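One structure below.
The values are calculated or read from the model by the stated rules, or taken from the named source; none is laboratory data. These numbers were taken from a predicted model, which means no experiment stands behind them. Every residue, glycine among them, receives a Cβ derived from its backbone with ideal geometry; neighbour counts consider all protein chains shown. Calculation scope for accessible area: heavy atoms of the full protein, side chains included, ligands and nucleic acids excluded. Shrake-Rupley method; radii C 1.70, N 1.55, O 1.52, S 1.80 Å.
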Amino acid sequence: MLDRASVVDEQFIKRVKEADFPTARTAISAIDKKTAIELFDSQIKSRLLDIIAREMKEKGLSFYTIGSSGHEGNAVFGQVFRHTDMAFLHYRSGAFYLQRSKQLQGCDGVRDIILSLVAAADDPIAGGRHKVFGSVPLTIPPQTSTIASHLPKALGAAVSITRAKELAISSKLATDSVIICSFGDASINHASTQTTLNACSWLASQNYPVPLVFICEDNGIGISVLTPDDWIENSVKQRPGIHYIACDGLNITDIHEKSQEAQRIARVKKQPVFLHMKCVRLLGHAGSDIESQYRRQNDIERIESDDPLLHTARIIYEAGWMSLDAIVDLYKDNRALIEAKAMEAIQLPRMNTAAEVMASLIPKTHNKRVYLPADEKRRMQVFGTAYNQLTMKRNLCQQINFALTDLMMQYPNMLVFGEDVAKKGGVYRVTADLQARFGQRRVFDTILDETTILGSAIGLAHNGFIPVPEIQFLAYLHNAEDQLRGEAATLSFFSNGQYQNPMVIRIASLAYQKGFGGHFHNDNSIAVLRDLPGVIVACPSNGPDAAKMLRTCLRLAQEEGRVLVFLEPIALYMTKDLHAPGDNGWLFDYPSVEQTIENGEVGVYGEGDTVILTYANGYYLSRQAAKLLEEKHDISVKIVDLRWLSPLPAEAILREISKAKRVLIVDEGRKSASLSEGLITLLMEQASSRLKIKRITGEDCFIPLGTAWQYLLPSRESIIEAVLALHSVKREKERGRLTVS
Ligand SMILES: Cc1ncc(C[n+]2csc(CCOP(=O)(O)OP(=O)(O)O)c2C)c(N)n1
Ligand SMILES: [Mg+2]
């Protein structure tokens, strides 16, 4: 079995020499000589990079072999679209990248790609962290290899262009920019593609400007699974509001004509286009893929004979622009050039410490633009009739509403959106009146799709906005987890800290809602948020903390480009009382606008050598328990409200327990994979070994409907019991007394 890369490589030279070209599938359109040769050069370079990548991999000198062979027609998009048109690219976009790099003096596309292939620390986009197509000067944010996950972001970026203009926000993209996203044919079946096409269609059919070009590079197969011939066209063509244009990926003149048409529609009319480029896949899916396991040899050879490079060679030769020898020379000269650059690249250092690798988890570039809180006159105007309430004691829900209002005044680039957040003001009215205060361009309802919500947030953030999307209930975050976990959280890492997608995701969270909802409205697991490197998770237990923490979140997003998750404990939204009905113990003054709680700063209540580490509802219940422990058992406890759940505020925790004899962890999450596991680990590793430690958590169960949830979660009583146990008070004796309270 011959190595297909060598076959394709040798076939090109041999067939060109013999003028043995494949027959054209489509008619030749007008193209000028210079453009055609320039495109051909990019196509050749892309092909040779694929071949040399495999040669290097075989020698253990590089790490990646998924190539662009067969897709080289995409060089045309690199020429037709401006280098400032943000591009979210398919992993077979080598020729696009090379051609676009020619638009900008000083860019060396070949070098960029080789450095990425060998994971050199100097790789200009990922610093050796991944083989990606990405570049800051070329406006190409790097993409992960998760199929189709870049499409929702592209839609967000497209929407951001007009939105920035409407709001006069100083955006990064010019108002006549177009957004491009490319992907494969099998990727069309992915939920992320389908939801983006749907959302795009939904917006476009209401005439909202969406200057977005979807480029489907259809090679007829996804790894080993064939895509039926008409599938792409049939499944896309009927979508309202999206133009469908097909082009022949083996004919650069046809791609040129069709992509100019696509560009015109997107740039001038600001309407979305689906550009369907039919091409072939050469050299299998990746170097490790043995195509003969699932494809007949005849078919492999037939496809290879339709090499797009041979098609371009034919076009150029027949136009009389280059002789056969000149074409062969161009190919050979490029090979020598790329080999020389590869030789240089393999000498370059790679990252060699954990610190170096991790340095890019957080964006490097900080935004110098500092926004200040609004003055009293403006606040009075914007709050309107609610202004008087600012000096009254208010619950958590109202204080988040006030804080969002103040922050929207402070940050003109802040947007609030999600399901039912606008007219209705949110299921719990947290966002009530925001739309009336700031208009429908800054506070808006989205379609019912969390992937679109979080994906658009990323795209908006790429263009200078600070999105504050809402996820209606924590359980629904999981529908869109990939946009947070796979995309937003990794952008800084894979771009060596150069790209950032700041955002504050608000999520109505956790359990304890009395008589409402069951599991889906009372999800008490935050495990999925705790292992996201670089992402900050905040969770306030009361109104003033929420306001002060939200201010810090917005500042970290704006100034440091951070991704933050703000968990709002639903059950405490409306809570008024603490110890007894009517005591109004959980209503507080709204803190003045300059007050903040910084990341890592914990809340401390009371004193004692028994410390309770807790958060949210656990903190509220611990406060109740503390009073009874004091009154009935003469035990005083110190309660630490963790506030910041990830990364754990380790320093503050260790400081607060430094004099403790006993620590009780009260975690309303489940026993397994909950915060308490992290806390116990921290204490075992870093606290005094004499410390007595205990935890109470939720059960490893989902929250049921009705009232039975109370048997699963920590309660005031179980906290008291646990503290008594830590004090070695006989439980049997105490039990009777406890229930009396
Ligand atoms: C979400 C996700 N699932 C599975 C994969 C593994 N995978 C990588 S490429 C690929 C096939 C993609 O086919 P297609 O979209 O046609 O692109 P092509 O490689 O043919 O250009 C699959 C299944 C992935 N990267 N992401
Ligand atoms: Mg494919």
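For the list (1) surrounded by fewer than 19 Cβ atoms within 10 Å (Cβ to Cβ); (2) of a type in the set (D, E, K, R); (3) within 16 Å of ligand 2 (Cβ to nearest atom), I need the number of the one condition that ASP218 fails.
Failed condition: (1).
More than 37 Å from the chain's Cα centre (by Cα), part of a helix (DSSP H, G or I), among the hydroxyl-bearing types (Ser, Thr, Tyr) and at pLDDT 95 or above: is that true of SER676 in this structure?
In short, no.
Would you mind stating whether ASP229 is without any contact (Cβ under 8 Å) to a residue 12 or more places away in the chain and either over 16 Å from PHE81 (Cα atoms) or within 16 Å of ligand 1 (Cβ to nearest atom) (or both)?
Yes.
How many residues, within the stretch 75-116, are part of a helix (DSSP H, G or I) and either touching a Leu at 6+ places or on another chain (Cβ under 9 Å) or within 29 Å of GLN347 (Cβ to Cβ) (or both)?
Number satisfying all stated conditions: 21.
Tell me, which residue of the stretch 417-434 that is over 18 Å from ARG379 (Cα atoms) and among the β-branched types (Val, Ile, Thr) is most open to solvent (accessible area, probe 1.4 Å)?
The selected residue is VAL427.
Does ALA374 satisfy being open to solvent by less than 90 Å² (accessible area, probe 1.4 Å) and within 26 Å of SER541 (Cβ to Cβ)?
no
For the stretch 383-400, give me each residue that is crowded, with 24+ Cβ neighbours inside 10 Å and either closer than 23 Å to LEU372 by Cβ or free of Cβ contacts under 8 Å to residues at least 12 places away in the same chain (or both).
If the condition is that a residue be crowded, with 24+ Cβ neighbours inside 10 Å and either closer than 23 Å to LEU372 by Cβ or free of Cβ contacts under 8 Å to residues at least 12 places away in the same chain (or both), then GLN399, ILE400 are the ones that fit.
Looking at LEU197, LEU283, LEU275, which one is open to solvent by less than 20 Å² (accessible area, probe 1.4 Å) and either in a loop (DSSP other than H, G, I, E, B) or at positive phi (or both)?
LEU283
Determine which member of the set GLN498, GLN472 is in contact with a Pro (Cβ under 9 Å, 6 or more places away or on another chain), touching a residue at least 40 places away in the same chain (Cβ under 8 Å) and open to solvent by 10 Å² or more (accessible area, probe 1.4 Å).
GLN498
So, of the residues in the stretch 169-197 that are aliphatic (A, V, I, L, M) and over 15 Å from GLN271 (Cβ atoms), which turns out to be nearest to ligand 2 (Cβ to nearest atom)?
ALA186
For (1) within 16 Å of ligand 1 (Cβ to nearest atom); (2) modelled with pLDDT under 95; (3) within 18 Å of HIS90 (Cβ to Cβ), each residue gets a yes or a no:
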| position | (1), (2), (3) |
| --- | --- |
| GLN194 | yes, no, yes |
| TRP202 | no, no, no |
| TYR208 | no, no, no |
| ILE221 | yes, no, yes |
| VAL225 | yes, no, yes |
| ASN234 | no, no, no |
| ARG239 | no, no, no |
| ALA246 | no, no, yes |
| GLN260 | no, no, no |
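Select from the stretch 144-183 the residues that are within 16 Å of ligand 1 (Cβ to nearest atom), closer than 22 Å to ASP449 by Cβ and either out of contact with any helix residue (DSSP H, G or I) (no Cβ under 9 Å at 6 or more places or on another chain) or assigned to a loop (DSSP other than H, G, I, E, B) (or both) and list them in ascending order.
Within the stretch 144-183, THR144, THR146, ILE147, ALA148, SER149, HIS150 qualify.
Limited to the stretch 299-334, what total is found for residues that are within 30 Å of SER224 (Cα to Cα), open to solvent by 30 Å² or more (accessible area, probe 1.4 Å) and assigned to a helix (DSSP H, G or I)?
4
Within 9 Å of ligand 1 (Cβ to nearest atom) and open to solvent by 10 Å² or more (accessible area, probe 1.4 Å), is that true of HIS190?
So HIS190 fits the description; yes.
State whether the residues of the stretch 228-243 include one that is open to solvent by less than 10 Å² (accessible area, probe 1.4 Å), assigned to a helix (DSSP H, G or I), within 24 Å of LYS153 (Cα to Cα) and within 16 Å of ligand 2 (Cβ to nearest atom).
Within the stretch 228-243, one or more residues are open to solvent by less than 10 Å² (accessible area, probe 1.4 Å), assigned to a helix (DSSP H, G or I), within 24 Å of LYS153 (Cα to Cα) and within 16 Å of ligand 2 (Cβ to nearest atom).
Conditions first: (1) out of contact with any Ser or Thr (no Cβ under 6 Å at 6 or more places or on another chain); (2) farther than 29 Å from THR405 by Cβ. ILE536 passes all but one, so which condition is the exception?
Only one criterion in (1) out of contact with any Ser or Thr (no Cβ under 6 Å at 6 or more places or on another chain); (2) farther than 29 Å from THR405 by Cβ is unmet by ILE536, namely (2).
Being open to solvent by 30 Å² or more (accessible area, probe 1.4 Å) and over 34 Å from the mean Cα position of the chain (by Cα) is the filter here; which residues of the stretch 32-54 pass it?
ASP32, LYS33, LYS34, ILE37, GLU38
Tell me which of these ARG441 doesn't satisfy, since it passes every other one: (1) closer than 28 Å to HIS190 by Cα; (2) in contact with a strand residue (DSSP E or B) (Cβ under 9 Å, 6 or more places away or on another chain); (3) surrounded by fewer than 24 Cβ atoms within 10 Å (Cβ to Cβ).
(1)
Residue check: is MET549 under 24 Å from LYS364 (Cβ atoms) and buried (at least 20 other Cβ atoms within 10 Å of the Cβ)?
Answer is no for this residue.
Which one is nearest to ligand 1 (Cβ to nearest atom) among residues in the stretch 467-501 that are of a type in the set (Phe, Trp, Tyr) and in contact with a helix residue (DSSP H, G or I) (Cβ under 7 Å, 6 or more places away or on another chain)?
PHE493
With respect to TYR97, determine if the residue is under 27 Å from the mean Cα position of the chain (by Cα), more than 18 Å from LEU212 (Cβ to Cβ) and open to solvent by 10 Å² or more (accessible area, probe 1.4 Å).
no
Residues that are modelled with pLDDT of 95 or more and farther than 20 Å from ASP531 by Cα: find the strands (runs of 3 or more DSSP E) completely inside the stretch 586-661 holding 3 or more of those.
The qualifying strands (runs of 3 or more DSSP E) are 603-605, 610-614, 637-641.
Output the qualifying pairs, or none if there are none: Cβ atoms under 8 angstrom, residues six or more apart or on different chains, first residue in the stretch 169-195 and without any contact (Cβ under 8 Å) to a residue 60 or more places away in the chain, second residue away from ligand 2 (no atom under 16 Å from the Cβ) and open to solvent by 10 Å² or more (accessible area, probe 1.4 Å).
From the stretch 169-195, the pairs are THR175/THR162; THR175/LYS165; ILE188/GLN194.
Across the stretch 564-585, what is the total count of residues that are out of contact with any Asp or Glu (no Cβ under 9 Å at 6 or more places or on another chain), assigned to a loop (DSSP other than H, G, I, E, B) and of a type outside the set (S, T, N, Q)?
7
Looking at the stretch 702-715, is at least one residue modelled with pLDDT of 95 or more, in contact with a helix residue (DSSP H, G or I) (Cβ under 9 Å, 6 or more places away or on another chain), open to solvent by 30 Å² or more (accessible area, probe 1.4 Å) and of a type outside the set (Ser, Thr, Tyr)?
Among the residues of the stretch 702-715, at least one is modelled with pLDDT of 95 or more, in contact with a helix residue (DSSP H, G or I) (Cβ under 9 Å, 6 or more places away or on another chain), open to solvent by 30 Å² or more (accessible area, probe 1.4 Å) and of a type outside the set (Ser, Thr, Tyr), which makes the answer yes.
Quick one: which residue in ILE458, ILE447 is in contact (Cβ under 8 Å) with a residue 60 or more places away in the chain and open to solvent by less than 10 Å² (accessible area, probe 1.4 Å)?
Answer to the check: ILE458.
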